[in-house]
Amino acid sequence: MTVVASVGRSLLGLEGISRPALEHLLARAAEWKRAMGDGTLKPVLGGRFVANMFFEDSTRTRSSFEMAAKLLGAEVLNWTARGSSTSKGETFLDTVRNVSALGVAALVVRHTASGCAQLAAQAVDVPVVNAGDGTHEHPSQGLLDAFTLLERWGRLDGRTVVICGDVLHSRVARSNLHALRTLGARVVLCAPPTLMPAGFDALCETRHALDEVLEDADAVMLLRVQLERMAEAFFPSAGEYARRFGLTAARAARMKPDAVVMHPGPINRGVELAPEVADGPRSLVLQQVANGIPVRMAVLERACA
Amino acid sequence: MTVVASVGRSLLGLEGISRPALEHLLARAAEWKRAMGDGTLKPVLGGRFVANMFFEDSTRTRSSFEMAAKLLGAEVLNWTARGSSTSKGETFLDTVRNVSALGVAALVVRHTASGCAQLAAQAVDVPVVNAGDGTHEHPSQGLLDAFTLLERWGRLDGRTVVICGDVLHSRVARSNLHALRTLGARVVLCAPPTLMPAGFDALCETRHALDEVLEDADAVMLLRVQLERMAEAFFPSAGEYARRFGLTAARAARMKPDAVVMHPGPINRGVELAPEVADGPRSLVLQQVANGIPVRMAVLERACA
Amino acid sequence: MTVVASVGRSLLGLEGISRPALEHLLARAAEWKRAMGDGTLKPVLGGRFVANMFFEDSTRTRSSFEMAAKLLGAEVLNWTARGSSTSKGETFLDTVRNVSALGVAALVVRHTASGCAQLAAQAVDVPVVNAGDGTHEHPSQGLLDAFTLLERWGRLDGRTVVICGDVLHSRVARSNLHALRTLGARVVLCAPPTLMPAGFDALCETRHALDEVLEDADAVMLLRVQLERMAEAFFPSAGEYARRFGLTAARAARMKPDAVVMHPGPINRGVELAPEVADGPRSLVLQQVANGIPVRMAVLERACA
C-alpha cells in the first residue's frame, strides 16, 4: 500500500513527513498551549465550521477535536454513523461529499477501515484530518505523544521509546513510530509474535517480551489490548498477556528513575497497565489528553489556513 | 386529510403556499447566499436557540439546519430520539411541549409519521419547521430544489421537471410537486403503478416508464428507492426497477443537451441513478446540498422573525 | 451510606445544605430569570467549557443544562455513553478523568448508579454537578421544584407538599424532600408499602394512599411510574396503581382551590397523572421545565465561579 502523507493541507498520516515539518507543527502547538494558559487565544477560525465525522466510537479524540476547533473560534458539526444516513445505506464517499458540500472548512474523519481518510481527501476539495483509520495511522495521537515527550525532555535524540502491545492492529503505534523516529528517538516495538506485523523487524528493533527492553526505556508506551482479539486466538488470555507484556508495579519499579509511562487510552486496567502505575508518578496519561487540545489546534489551523 | 400549510410562522408544507410567498422566501435565500459569499452575514438570531428534533435518522437535513441556524447567530439544541426520554415512553407531544418550554425560538421536527409537524405546531406556541414528516411533505427540500433550478434557469415557467421513482412514499416528491407547479413548471410524475398514489393522475401528468418522458425533460429528479420496499412487493427487484426507472448513462445521453439531474440523497448508486451520471456534468446533486444552507436560513429567519 | 452534599463547588445533593445556602442559590436563579426576560444576560462563563456527561438517557435535563451553560456564554461538550469509549470497556472514573483533563470548567454527570457523582468529584479537580445518580439525588430538579413553588407562593413555610409514587426508586423525591423541608414546607410521602423506603416513616410523614392526604395538599408532586417495575412485582398493574396513587380528574377536583400539581417528567399519561390534569390549570409541569434553565444557570455559575 502506497501511503500519501498529505493531500494539500490534509493530515492523513505522519509517515514521510519531514523533521522540520513536524517540528514546525509542534512549535505551533506549543504557542497555542501558551495562549490557552495566558488567555491570549485568537479566534482564527471564527465563522468557519469543522465537521467531526466519526464512523467509529470515540470519547477523547472527538471531544478533543471539538474543543480545539471551538477554542480557535470555529463551529463544530458533530456527525456520527449512528443516527445518520449511513443507516440508510449511503456510501462513505457520498456521505463525505455531502458534508463537504455544506461548506465546512475541514473534515475530521475516523473510520474502521484503513485508508479511508485518504479516500476522503481524494474525493473532496476540503482538507481532511485523519482521526484514526483502521490499523493504519492516527496522526494527531502521534503528534500529541511526541509533543508530550518533547515537553518533558526538550529533545528526543538519544532517547529510547518502547511501544508495547498489539502493534499489528495499532494505528497509534504506526503514527508514533514514524513521528518519534523522525524526531530522533530510538523506537523499540515489543509485541507477541502473533501481534507483530511481518517485516517490521527489518524496519526497526523488535522484541517479544517487555523484560528484554524494560531497563533501556526512557518511555514505555502501552497499547490497549483489544480483548476481542483473544477470541481470534492472537493471544491465549488476558492473564497470560499481562505476564509477558503488562506493565505491572514490579516492572515499573525496575525502569530507569526518570522513565515515563504513556497510554493512548482507553486503558484496560490490570491487563496492559497496572492501576497503580497508570495513576502513579511515572504516568503521563492525563498530560497526553491535555496536550491533545493544543496539538489539534495546530493541526486544524494548518488544515484551514 | 386536510393540509394546513402553516400555523403562524411555522412551515409545515408547501401545498397551498402562494407564488408570491414562495418567491419572497426564495429571494431571501438568494440574499443569504450572497451574504455568505461576500462575508456580510448578520447574526439576526443571536442569543436565540433552535431545537433540532429528529425522531428519524438524517445526515444532511439535520446538519444543514444546524449550519443555517448557526450562520444566523443562533445556538442549536440537537435532540435525537435515541438517547432521549422517548426511550422511557414519553409521548411525541409531551416531548415537543417540553423542548418548547425550554424557551427555544423554533422547533425543527423530523418524524416518520405524516402530520407530526402539524400536530406539534398545534401543541406549542413556538413556530415549527417540518424537516420531513412521513410520506407527507419535506418543504425545505422542495424549496432548495426550486432554488437550485431557479439559480440555473432564472424562471421555471415553460420548463418540464420529471420526478421519477417511489412517488407513493416520497415527501420530497409531494413538496416539489407543489412548489414547482406553483412557480410555473410542468411537473411529470413517473413511477411504477404500485408506487403512484391513487388519484394523482387527475392531479398532474403521470407516466409509468422513464423512457416515455425522458426526452421532454429539462430536469429529471430521481427519488431514492427504499430497498426495504422490495420485501413489501412494491417492485420485484432492484435490477428490474433500474431497467425501467433508473437513470443510466445511456438514458442520460438521450436527454436534452442542457437538461439536469437531481437527487435529494442518499443515493442508491446503480439503482435509481448510475454513478457516472451522479458524478457527471448534468448532476446538480451537490449544488442542492449547498443551497440547502441559505434556503434554511431564510426558513428559520421567517420562523423566528 | 454517608452522603456528602458537596466537594468544594460541586453540587452532589441537597441533603445537608443549609437554608441560607439554598436561598442564596435560588435568589441567584431568580436574578438569572430576570436577566433572561429583560435581555441583560452577561456571558460570565465566556471561553469556558462545560461537559455534559450523560451515562443514562435524558431529554430535558441534558438540554436544560446545555441551554443554561450557553446562556452563560460557555461552550458545551455533549458526551453520551453511546458512541463513546465506554463501549470499549473504559471505566467510569477513567472516562471522567479524561474529560476533566481536556480542561473543562465543570462536569455535569448523570449515571444509573447511586453515588457516581460523588465518586467523580473525588477523582477530579473540576467541580461536578450531579444531574441524577441512580436512586440517590437529582439536586437541580429539587432546586427547580422549590424555585417553582417559591415563585408561586413567596415562601414555603406552612405549606404541605405531597410527593406521591415510587419514592423508593426516586432521586427526585429525595432531593425534593431535603430541599422543601429545609425551606420550611411540610412534606408528606405517599407510596405503596413496597415502594416506600424502609425507615422513611421515622424521617417524615408517610401515607399509603393518595386519598388519605389529598385534601391537605397545597401541591401534589407525582413521580413517574417506571412501568418496568411491574415485572419486578413492586406493584400489580398500571390500572391498580392508578386507582390508589394516580391523580385523576376526580381527585384533582377534590384538591384545595389553589393547590397545584407537579411532575418531573416524562409523564405516563393516564397512569400517575390524568391527561386533563397534566394539561389543566393546576399544572405547573411546563413552568418546572422553564425554570430549570435559570436554576441550572445559578448552579453552573456557582460551580465555575
Cα lying deepest toward the dipole's positive end in chain B, options B:A120, B:A252, B:G270, charges on Cβ: B:A120
For chain A, what is Rg from Cα atoms divided by 2.2 N^0.38 Å, rounded to two decimals? 0.98
The protein assembly as shown - share of DSSP beta bridges that are antiparallel (%, nearest 5): 5
List the GluC sites (Glu not before Pro) in segment C:189-243 that DSSP assigns to loop (not H, G, I, E or B) and whose Cβ has at most 15 other Cβ atoms within 10 Å. Which are they? C:E232
Here the net charge surrounding B:A35, from other residues whose Cβ is less than 13 Å away from its Cβ (Lys, Arg +1; Asp, Glu -1), is +1
Summing -39500 (n - 2.57) over the DSSP H runs of n ≥ 4 in chain A and dividing by its residue number, what mean residue ellipticity at 222 nm do you reach, to the nearest 500 deg cm²/dmol? -12000 deg cm²/dmol
Once R0 is set to 56 Å, what does the formula 1/(1 + (r/R0)^6) return for the Cβ-Cβ distance between A:R34 and B:A202, expressed as a FRET efficiency to the nearest 0.05? 0.20
In Å², rounded to the nearest 100, what is the total accessible surface buried by chains B and C against each other with a 1.4 Å probe? 2000
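Working out 0.36 nm times the residue gap between A:L41 and A:L227, then minus their Cα-Cα distance, what length gain in nm do you get to one decimal?
In short, 62.8 nm is gained.
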Hey, if you put +1 on the Cβ of every Lys and Arg and -1 on every Asp and Glu Cβ in the protein assembly as shown, which of A:P20, A:A185, A:P236 ends up farthest toward the positive end of that dipole? A:P20
For segment A:179-258 and segment B:259-279, what is the separation of their C-alpha centers, rounded to whole Å? 49
I'd like the distance separating the alpha-carbon centroids of segment C:1-76 and segment B:152-170, in whole Å. 51
Tell me the label-point distance for the pair A:A123, B:R19, using the 7 Å Cα-to-Cβ offset, in nm and rounded to one decimal. 4.2
Taking a 27 Å limit on the Cα-Cα distance, which of the listed pairs A:K33/C:K33; A:K33/B:K33; B:K33/B:K256; A:K42/C:K33; A:K42/C:K70; B:K33/C:K33 fall beyond it? A:K33/C:K33; A:K33/B:K33; B:K33/B:K256; A:K42/C:K33; B:K33/C:K33
The protein assembly as shown, accessible area per residue, ligands and nucleic acids excluded (1.4 Å, Å²): 35
Quick one: which bits of segment A:100-139 get at least 20 Å² less accessible when the partner protein chains are in, versus the chain alone, with a 1.4 Å probe? A:A101, A:L102
Looking at segment B:15-171 only, what percent of DSSP beta bridges run antiparallel? Nearest 5 please. 5
Among residues other than C:H263 whose Cβ falls under 9 Å from its Cβ, what is the net charge (Lys/Arg +1, Asp/Glu -1)? 0
Out of the total accessible area of chain C (probe 1.4 Å, heavy atoms of protein only), what percent is carbon and sulfur? 53
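Lys and Arg at +1, Asp and Glu at -1: add these up for the other residues within a Cβ distance under 9 Å of C:V187 and post the number.
Taking every other residue near C:V187 into account, the sum is +1.
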Taking Cα atoms, the helix B:19-38 axis meets the longest principal axis of chain B at an angle in degrees (rounded to 10) of 80
0 to 90° range, to nearest 10: angle between helix C:285-304 axis and chain C longest Cα axis: 30
Charged-residue dipole, Cβ positions (Lys, Arg, Asp, Glu), chain B about Cα centre, Debye nearest 20: 520
Hey, for A:R152 with labels 7 Å out along Cα-Cβ, what do the inter-copy distances come to in nm, ordered shortest first? 5.9, 5.9
Lys/Arg +1, Asp/Glu -1 at C-beta; chain A dipole; positive extreme among A:V295, A:G37, A:Q141: A:G37
Would you work out the relative contact order for chain C, in percent, from Cα pairs under 8 angstrom that are 6 or more residues apart? 20
Sequence of C:L189, A:L286 from largest to smallest accessible area, 1.4 Å probe: A:L286, C:L189
Could you work out the relative contact order of segment C:139-288? I mean the mean sequence separation of Cα pairs under 8 Å and 6+ apart, divided by the number of residues, in percent. 23
Treating only the Cβ of Lys, Arg, Asp and Glu as charged (+1, +1, -1, -1), what charge dipole size does segment A:139-288 show about its Cα centre? Round to the nearest 20 debye. 160
Is the shape of the protein assembly as shown rounded, prolate or oblate, going by the alpha carbon gyration tensor and its root eigenvalues a ≥ b ≥ c, with a/c under 1.5 for rounded and a/b larger than b/c for prolate? oblate
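Roughly how big is the protein assembly as shown's charge dipole about its Cα centre, with Cβ charges of +1 (Lys, Arg) and -1 (Asp, Glu), in debye to the nearest 20? Present the calculation step by step, with values, prior to reporting the outcome.
Details: 99 positive and 96 negative charges, 294 e Å.
For the protein assembly as shown, the charge dipole is close to 1420 debye.
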In the Gaussian network model of chain C, springs joining C-alpha atoms below 10 Å, which of C:A29, C:A51, C:A250 carries the largest mean-square fluctuation? C:A250
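The values are calculated or read from the model by the stated rules, or taken from the named source; none is laboratory data. Values in this document were obtained by computation on a predicted structure and should not be read as measured data. When we count neighbours, we look across all protein chains shown, and the Cβ atoms used for this are built from the backbone with ideal geometry, even at glycine. Please note that ligands, DNA and RNA were not included when accessible areas were found on the heavy atoms of the full protein model with its side chains. Shrake-Rupley method; radii C 1.70, N 1.55, O 1.52, S 1.80 Å.
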